[in-house]
């Protein structure tokens with residue numbers, strides 16, 4: 001009967017937890033408890049199907065938000081996390097919430113927003129895997145992350161390497177603050193009030209910032225150009241696409 005349960009699991013139907021535990025991992029290792037935070041039903045179904053035949057990976061809980069997932073189960077080895085969620089939550093906050101409970105995190109995303117990937121990376125995820133990856137790659141990534149291994153992919157490396165922290169133009173923390181506020185749409189007078197600087201000092205900072213970008217071969221003569229540079233360097237988020245149809 002145990003063999004029959006195993007065969008049923010491999011045909012695409014989730015095995016009972018007890019059967020999966022008896023089977024053990026691919027090398028007889030411990031079974032890992034997996035959670036999934038995803039608000040698209042088709043993706044949940046796909047992940048469920050991919051992990052169903054893996055005796056060492058048990059998808060024990062799914063939810064549309066991190067708080068909902070933790071309310072269902074906080075005894076997890078790994079959470080597979082989508083970066084874009086309908087609740088408007090910030091990836092950094094979601095990752096920190098999970099890491100505070102000693103739960104590892106693997107990002108599962110379309111990887112179309114470098115800012116979101118960078119934010120998650122800074123918060124301490126183990127890696128990034130694309131939703132367009134083949135099933136074998138996804139399963140291998142989940143298995144490695146659940147064991148505490150870093151999952152290094154091209155998207156992951158690009159997100160890390162593409163986040164210079166503005167070191168390339170040598171901005172001071174104060175200049176970074178002025179750039180972020182001004183490029184996001186604030187007037188110089190408003191930036192001055194928010195930072196406690198004089199308006200003249202803010203304008204002086206902006207002139208120096210523009211000069212540094214020009215010296216780096218990335219001219220930013222207009223406010224729109226400064227916005228583009230701030231997005232490129234990860235200080236402002238990439239504009240969100242139109243709301244997805246659910």
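Considering only residues that are modelled with pLDDT of 85 or more, in a loop (DSSP other than H, G, I, E, B) and loosely packed, with under 13 Cβ neighbours inside 10 Å, which ones fall in region 209-226? Explain how you work it out, then say what you get.
Here is the first cut: in region 209-226, the ones modelled with pLDDT of 85 or more are 209-215, 219-223, 226.
Within this subset, residues satisfying the condition of being in a loop (DSSP other than H, G, I, E, B) are 219-222.
Selection gives 221, 222.
Please note which helices (runs of 4 or more DSSP H) are completely contained in region 1-97 and include at least 2 residues that are surrounded by 14 or more Cβ atoms within 10 Å (Cβ to Cβ) and at pLDDT 95 or above. Show your work before the answer.
Numbers: elements: 2-10, 17-23, 41-52, 66-72.
Once the helices (runs of 4 or more DSSP H) in region 1-97 are filtered for at least 2 residues that are surrounded by 14 or more Cβ atoms within 10 Å (Cβ to Cβ) and at pLDDT 95 or above, what remains is 41-52, 66-72.
Anything in region 107-128 that is more than 21 Å from residue 77 (Cβ to Cβ) and part of a helix (DSSP H, G or I)? List them, or say none. Working first, answer last.
Quick first cut of region 107-128, residues more than 21 Å from residue 77 (Cβ to Cβ) only: 110-119, 122.
Of everything in region 107-128, those that are more than 21 Å from residue 77 (Cβ to Cβ) and part of a helix (DSSP H, G or I) turn out to be 114, 115, 116, 117, 118, 119, 122.
Out of curiosity, is residue 62 more than 15 Å from the chain's Cα centre (by Cα), closer than 27 Å to residue 237 by Cβ and assigned by TED's automatic domain parsing to the domain that holds residue 150? Steps first, answer last, please.
Details: more than 15 Å from the chain's Cα centre (by Cα): yes; closer than 27 Å to residue 237 by Cβ: yes; assigned by TED's automatic domain parsing to the domain that holds residue 150: yes.
Considered against the rule, which asks whether it is more than 15 Å from the chain's Cα centre (by Cα), closer than 27 Å to residue 237 by Cβ and assigned by TED's automatic domain parsing to the domain that holds residue 150, residue 62 comes out as yes.
The values are calculated or read from the model by the stated rules, or taken from the named source; none is laboratory data. Bear in mind the structure is a predicted one, so any value in this text is a computation, not a measurement. Quick reminder, even Gly has a Cβ in these numbers, built from the backbone with ideal geometry, and neighbours come from all protein chains shown.
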